[in-house]
Amino acid sequence: MYQVEGASLQRGMNFHLKQDYSVILMSIRPGSPYVDHVLDEGKALIYEGHNVPKSKGIKDPKQHDQPMATESGKLTQNGLFLSAAKRYQNNEKLPERVKVYEKLRNGIWVYNGIFHLLNSWIENSEGRKIFKFRLELASIQ
């Protein structure tokens, strides 16, 4: 991925990694920290947003709502992706192009293609709010 993207991807959501696309890293392996789903034989994905980082003195991020913005008001990756999906839904912008990589094993990733970010929402899960994103495979790669 480093050779292709020109960056070491340290987080799962990378809004506008390049000028014309974003990148997400997903996993549907047992024990994955997020609940991502592959639908329609790989033509659609439901991607779960990301938790508040442990580095903020939080012992268990899964006990807290996923953040839309930082304490200073800057949008998190969740907020950036949600805003992009809403702009598309409001016919203000074309859908965000998102390259998707899937983790097969530790250190082994596969490129799944370019998807369009079409929808986003916040839902309740186990007593907290989480972000969900629907992406569909772009017809032209």
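Only the coordinates and a few stated rules stand behind these numbers; no lab work does. All values reported here derive from a predicted model rather than from experimental measurement. Neighbour counts are summed over all protein chains in view; Cβ atoms, including those assigned to glycine, are modelled from backbone coordinates with ideal geometry.
With r defined as the distance between the Cβ atoms of Ala138 and Asn106 and R0 fixed at 22 Å, what FRET efficiency is calculated, to the nearest 0.05?
The value I calculate is 0.15.
Are there any chymotrypsin sites (Phe, Trp or Tyr not before Pro) in the range 87-124 that are in a DSSP loop and have at most 12 other Cβ atoms within 10 Å? List them by number.
Hits after loop and neighbour filter: nothing returned.
Quick one: what are the phi-derived ³J(HN,Hα) couplings along the range 44-51, Karplus 6.51/-1.76/1.60 with θ = phi - 60°, whole Hz, x for glycine and proline?
Couplings: 9, 9, 10, 10, 8, x, 10, 7 Hz.
Among the lysines, select those whose C-alpha is under 20 Å from the C-alpha of Lys62, and discard any that sit fewer than 8 residues away in the same chain.
Here the lysines satisfying the reach criterion relative to Lys62 are Lys54, Lys129, Lys132.
Just to be sure I understand, if you calculate volume of the Cα convex hull per residue in Å³ for this structure, which of [x] 114; [y] 135; [z] 123 do you get?
[y]
Can you return the lysines within cross-link range of Lys18? Criterion is Cα-Cα under 19 Å, with same-chain partners fewer than 8 residues away left out.
Filter leaves Lys93, Lys99.
What residue among Asn91, Asn51, Asn112 shows peak mean-square fluctuation when the chain is described by a Gaussian network model with Cα springs under 10 Å?
Result for the chain, Cα springs under 10 Å: Asn91 fluctuates most.
Highest GNM mean-square fluctuation, the chain, Cα pairs closer than 10 Å: which of Ser72, Ser22, Ser83?
The residue that fluctuates most here is Ser72.
Counting other Cβ atoms within 10 Å, which trypsin sites (Lys or Arg not before Pro) in the range 63-141 have at most 10 and lie in a DSSP loop?
Lys74
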